[in-house]
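The values are calculated or read from the model by the stated rules, or taken from the named source; none is laboratory data. Source: prediction; values computed, not measured. Note: ideal-geometry Cβ built from the backbone for every residue, glycine included; neighbour counts use all protein chains shown. Accessible surface areas use protein heavy atoms only, side chains included; no ligands, DNA or RNA. Shrake-Rupley method; radii C 1.70, N 1.55, O 1.52, S 1.80 Å.
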Amino acid sequence: LETKTPVEPAQPTAGMQSLKSARFLAVQHDAVNYPEGIRSPNPALNAGKNKARHTYDLAFLMQFKEVFREKPSTDWDLKLKETVGDSSDSAR
Amino acid sequence: TNAASDSDIRTVFHDAENFNVKHPLMNTWTLWFTKPPSGKGDNWNELLKEVISFDSVEEFWGIYNNITPTSDLALKSDYHLFKKGVRPEWEDAQNKHGGKWAFQFKDKKAINIDALWLHVMLAAIGENLEDDDDNEVMGVVVNVRRGFYRIGLWTRTVGKGKSSEQGKETLTKIGKRFKQALQLKENDVVEFSGHTDAAHAGSTRAKAKFVV
């Protein structure tokens, strides 16, 4: 049984660190100037809500797909192995 | 808000490595995974694993872009995306009186399960499946099986609590939005059944309570 796992003290990437330190946007109060070509969250969906309920439509959310690809943490691969596992594991 | 603070807002679209705001989700969500049984009498609790919880759009994509796609999972695997604090099992007290909308895709090769599951997850975290005060959506699930893929949406109730007409109306509206997220045709039938009905029916299928 192979139990060795490569030990490499991984450093968090800049993107990982940004994700950690970034503050939550106050969707109703922060006026964000998105770069040209980026759709903002459908303001109609979020306007006039008294509660802080915010919705994001599919088109808005899909824009992040190619933009943010960072692993959630430096130990993600290990964590994934322990939970989802290798798809080859279960084929036996 | 003023002009000075606006210019300090850097989203991931401005700089993916150095941003200072992230997009909050309405709820914190937990992703769970069911491992296929090994056939050695493993217990369900050991097969159901909590993978990660997240509360921003950015973090969702970091996870999605770095996790095994549904199409690569072994048979008998499930992904569950549930509101934090709810176990994706009908035994959880919060699911006890609930039910689910579900659709089986029987022609596995004819569909893009990764895109469909993604769209359903986005509808859930983007809060497009229910209205402000519905408080029905518990989570969504995809099952990988030999003969089909199935995508489900779990609700808190089976339409009880309020007047039954109103309850049915709320669940039907949610079912229609779910059907839309699944890109189904008008004549495809999505069925709702209560968890307890399904449990009592044993291995046979519970009778649908509602359809859309």
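Some values worked out for this structure:
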quantity	calculated
Where labels lie 7 Å past Cα in the beta-carbon direction, separation of B:D42 and B:K207 in nm	3.7
Ratio of the Cα radius of gyration of the protein assembly as shown to 2.2 N^0.38 Å, where N counts its residues	1.05
Paramagnetic reach from B:D132 (point 7 Å along Cα→Cβ, amide N under 18 Å) across region B:7-30	B:26-27
Dipole magnitude of chain B about its Cα centre (Cβ charges: Lys, Arg +1; Asp, Glu -1), debye to nearest 20	1220
Mean residue ellipticity (222 nm) of chain B, computed from DSSP H runs ≥ 4 via -39,500 (n - 2.57), nearest 500	-7000 deg cm²/dmol
Summed buried accessible area for B+A [probe radius 1.4 Å, Å², rounded to 100]	4700
Cα centre as origin, Lys/Arg/Asp/Glu Cβ charges: region B:73-116 dipole, Debye	60
Normalised alpha carbon radius of gyration of region B:25-109 [divisor 2.2 N^0.38 Å]	1.20
Convex hull (Cα only) mean projected area of region B:70-158, reported in nm² to one decimal	6.0
Total charge dipole magnitude, region B:26-108, about the Cα centre, Cβ charges on Lys, Arg, Asp, Glu only, Debye to nearest 20	300
Where N is the number of residues in region B:101-204, Cα Rg divided by 2.2 N^0.38 Å	1.08
Pairs of Cα atoms farther than 32 Å apart, chain B, %	21
